[in-house]
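Bear in mind these aren't lab numbers, they're just calculated from the coordinates by the rules spelled out. Only a predicted model underlies this, so the values are computations on that prediction, with no experimental measurement involved. A quick note on method: Cβ atoms are made from the backbone with ideal geometry, for glycine too, and the neighbour counts reach across all protein chains shown.
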Amino acid sequence: MASPQEDGNIGPMIRLTGIEKSFGGTKALSGVSLTVERGSVHGLVGQNGAGKSTLIKLLAGLLRADAGQIEIDGVVHDHLTPHAVDALGIHFIHQDRLLVPTFTVGESLFLGREPRIAGTPFLDRRKMQRRAAEVLDRYFGLRLPTSTLIAELSTAEKQIVQITRALLHAPKVLVFDEPTAALVRREADMLFRLIRRLRDDRITVIYISHYLGEIEDLCDTVTVLRNGRDVATKPVAETSATEIAGLMVNREIGELYPKRTAALGATLLRVEGLSTPGRYEDVSFALRRGEVLGLTGLLGSGVKDLVRTLFGLEQPASGRVEVDGKTVWTKTPAQAARRRLALVPEDRRRHGVALDLSVAENVTLASLDRFTRFGLLNGGAETAEANQLIDRLQIKTDGSDALVRTLSGGNQQKVAIAKWLSRHSEIYLLDEPTVGVDVGAKVEIYQLIADLAARGAGVIVLSSDLPELLGITDRILVLFRGRIAAALDTSETSVDAVLADVTGSSEALRHVG
Amino acid sequence: MTLVSNVSHSQSHHGLLRRFARYALVVALVAVFAAFSAAAPSFLTVANLQSILVNNFTLLAIVSVAMTFAVAAGGIDLSVGTAIDFSSFTFVSLVLAGQPVPLAALAGIGGGALVGGFNAVLISGIGISPFLATLGTLFIGRSAQQILTNGGNPVYLPPAGIPESFRFLGRGVVAGVPVPLIAAGLVIAVAAIVLTKSRFGRVVTATGIEANVVRYSGIALKAHVAVTYLLVSVIAAIAGLVLTSTVTVYIPSSGNAFLLNAIGATFIGTTLSPHGRPNIAGTVLGVLLLSIVSNGLLLTGLNFYWQQVGTGLLIFVVLAISFANRKAVARA
């Protein structure tokens, strides 16, 4: 659908063809093609692991494709570097993209491209000041003193600085990567207005988001990625959030998940009216013995904060938590662990396991008291415990004294779980337990979760992988913007229904309807 | 990852490097020892070897053991000298005031522990980084001593007034072994057991490797860090007692003389150890290495002022060995 454009250029702004990329043995992208028309807003959606971020890193010159062709503005580029991409006028806006916190707004805006006073090596601060003010006023109607430190800015303001930095250098393409994830409604609305302005100025936009409602509102075209392939590219006018959601998920997984036979027992954990303003509000639910409860929501929906609060890493402003019918106040992880709570955190390599400790040292780290007598550790008992758990969880390792660093991601995750089995925990909080884990280990972890429930433990699985949640849980709680948007019985729901609640499109549809 | 996947291809080569890594410190020690024996005839004599152990090794070993705990927990303690001084000042002052020596010694350890307690509040309570917190303590401690001693006057014990038990601590000999050396041996032995075999030592080691994981494992991280800095100062205080009873005088801020060597010995020991973890055996070998180098350089007739060049070169050599070693292992 390449048609001559008003400004005379012909053909698409960006054309990726047959892009392939593998990491180790894992194929992240297997033949992705993507065509982005000049001056359009192009949506890119897909579940976690679909290949979005890999694709964007390739375009940014941070990774190199194994096969395929990248064509920008009609020119084929074989060796893209971040510097070259910048020079081509392609800019990336990402909330995690680093701005140096101790720089001022002015320094950040012109970093690496500081205007000089003609003929001297000195920076032209006046010119910097003036140009920054122009852009900020034109696009944002906003005055942001250029002397303010980045560290003092809100997330939205940092994003404005990133966007402004891009706009100062006559951009051709802006890539927004989950831009609204950390924004409140009002800030998001401002961003949408800005993106429409950019389209009016004939700047091409690639817009990556989980929020299907935003894609519908904002984009001209949408491309859906799934398992490293582009499964569809459609004009937004001819599709719907429901259809996009259907394209995003893989419906053919079934055998991955173990049969569940656990009978539900007494209530183990009860959460009532838990609130921390700005994070989550009035959250109530109960978890019974033998139950696997799914918990899901977008970044910023409050699910992470909720789990952190239950494990004593954050304090709620109000509300109550009961374990075994007794109200508990877990101010620290140590107190939470004493109440038989266990957290297997998402960031396995920083929070879950110590890579440079041995398997045995990691396995017993949460249960050292059991192996201690008069302050001294019983090394033999520790090794025996480690070996028993290595056996039970099928952890592939050279031995209990091997460093955890030498294990694969899936086996590291099993060590992070084994730590709590050794502690005899009863309430398991698993945060994205299968992220970065290969399929084989995934199946084993699902089986392990089913076994835990069968033995009378309660398991809460926080996951953004919806088919996974539908496969292994009894119930699913969906948080949207800090509140429980839906409590669903897993046997009576579907990926589409959960996704609608997760992305708030059921709410949006209701609103429109 | 490459290390693991390629093990089968180069088992023997790899094993050899491993073994070398394990004994690098001992090899270095033997090499330095042999070099000085050849260069200085007076080096390899019973009298000199004894002098190395008593004069160079004892105090530095105790202070370095203290430092090892801080480094093992992922931090550092720049105020070990302050703990030595506070212990020393309290000890001397109380003996001078006629208090019984055991009581004065106990109070000395309490004086040193005060420094550790202060560090613990700064690091665990307020959350200041160990480097900055203990640097602050170092400065404050220096001023405090100036104030306590009217601008830095030493506190002497008059030779006539020195109690017998005090003299025994510094100059006594049991079964042919000087008492300070026995004290150092005890500290080393207990510290080695605590760091490798105790629950506390495990938590300290894990904290140094990944403090977040310790906290996420339901362990009271802050309490353990606080106890660690308290322990560091208590061990340094023991060094303060030994120092004072040997020289029978308290000189303000003299404890800081051990700081850099203690850091050096600890890092030499850590760097040349198989797993790269701070450990007592490595630290003690590091202290021996430094002691032998400074004693040997003196005996070869090198100008005293050049001695620190020797220490500096030694640290470079250690780094080079460890770097080459790691690269070779990575390539294997």
Could you work out how far helix A:409-422 tilts from the main Cα principal axis of chain A, as a 0 to 90 degree angle to the nearest 10? 40 degrees
Label-point separation (nm) for B:Thr149 and B:Val121, each offset 7 Å from Cα along Cα-to-Cβ? 2.4 nm
Stretched out fully, how many nm does the piece from A:Lys331 to A:Arg126 gain, at 0.36 nm a residue minus the Cα gap? 68.7 nm
How tilted is helix B:130-148 with respect to the longest principal axis of chain B? Cα atoms for both, answer in degrees (0 to 90, nearest 10). 20 degrees
Within a Gaussian network of chain B (alpha carbon springs, distance under 10 Å), most fluctuating of B:Val203, B:Val174, B:Val80: B:Val174
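Shape call for the range B:33-331 from the C-alpha gyration tensor, a ≥ b ≥ c root eigenvalues: rounded (a/c under 1.5), prolate (a/b greater than b/c) or oblate?
Oblate, because a/c is 1.5 or more while a/b does not exceed b/c.
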Say a paramagnetic label sat at a point 7 Å from the Cα of B:Ala160, along Cα to Cβ; which residues of the range B:65-101 have their backbone N under 17 Å from it? B:96-98
Over the range B:33-331, what is the relative contact order in whole percent, taking alpha-carbon pairs under 8 Å and six or more residues apart? 33 percent
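Over chain A, what is the relative contact order in whole percent, taking alpha-carbon pairs under 8 Å and six or more residues apart? Mind dumping the intermediate values first?
Working: 987 pairs, mean separation 74.7, N = 513.
So the answer I get is 15 percent.
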Rounded to the nearest 10 degrees, what's the angle between the helix B:199-216 long axis and the longest principal axis of chain B, both from Cα atoms, 0 to 90? 60 degrees
Partner shielding of A:330-339, as the mean number of partner chain Cβ atoms within 10 Å, equals 3
Per-peptide average of other Cβ atoms within 10 Å, ordering A:186-195, A:341-350, B:208-217 highest first: B:208-217, A:341-350, A:186-195
Applying the gyration tensor rule to the Cα atoms of the range A:284-348 (axes a ≥ b ≥ c; rounded if a/c under 1.5, else prolate if a/b exceeds b/c, else oblate), the class is rounded
So which residue, out of B:Thr90, B:Thr137, B:Thr149, gets the largest mean-square fluctuation from a GNM of chain B using Cα contacts under 10 Å as springs? B:Thr149
First check a/c for the range B:25-120, with a ≥ b ≥ c the square roots of the eigenvalues of its C-alpha gyration tensor; if it is under 1.5, answer rounded, and if not, answer prolate when a/b is larger than b/c or oblate otherwise. oblate
Say each of A:Gln394 and B:Phe168 gets a label point 7 Å from the Cα, pointing the same way as Cα to Cβ; how far apart are those two points in nm? 6.7 nm
FRET efficiency for A:Glu492 and A:Glu238, using Cβ-Cβ distance with R0 set to 30 Å, rounded to 0.05: 0.45
Roughly how far apart, in whole Å, are the Cα centres of the range B:101-176 and the range B:204-278? 15 Å
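Taking the Cβ of A:Leu123 as the center, what net charge do the other residues with Cβ under 15 Å away carry, scoring Lys and Arg +1 and Asp and Glu -1? Don't skip to the answer; put the middle values down first.
Numbers: positive: A:Arg113, A:Arg116, A:Arg125, A:Arg126, A:Lys127, A:Arg130, A:Arg131; negative: A:Glu107, A:Glu114, A:Asp124.
Every neighbour counted, the sum reads +4.
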Answer in debye to the nearest 20: the dipole magnitude of the range A:136-253 about its Cα centre, from +1 Lys/Arg and -1 Asp/Glu charges placed on Cβ, is 300 debye
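Assuming R0 = 45 Å, what is the FRET efficiency of A:Arg338 and B:Leu103, from their Cβ-Cβ distance, to the nearest 0.05?
Computed FRET efficiency for A:Arg338 and B:Leu103: 0.65.
Grab the beta carbon distance between A:Glu314 and B:Val46, set R0 = 56 Å, and tell me the FRET efficiency rounded to 0.05. Could you put the intermediate results ahead of the total?
Details: r = 64 Å, r/R0 = 1.15.
The value I calculate is 0.30.
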With -39,500 (n - 2.57) per DSSP H segment of 4 or more residues and division by the full residue count of chain A, the 222 nm estimate, nearest 500 deg cm²/dmol, is -9000 deg cm²/dmol
In the Gaussian network model of chain B, springs joining C-alpha atoms below 10 Å, which of B:Leu313, B:Leu135, B:Leu289 carries the largest mean-square fluctuation? B:Leu313
For q = 0.06, 0.10 Å⁻¹, what log10 I(q)/I(0) does the protein assembly as shown give under the Debye formula with an equal point scatterer on each alpha carbon and no solvent? -0.54, -1.20
Between A:Thr104 and A:Ala87, what is the label-point separation in nm under the 7 Å Cα-to-beta-carbon projection? 3.1 nm
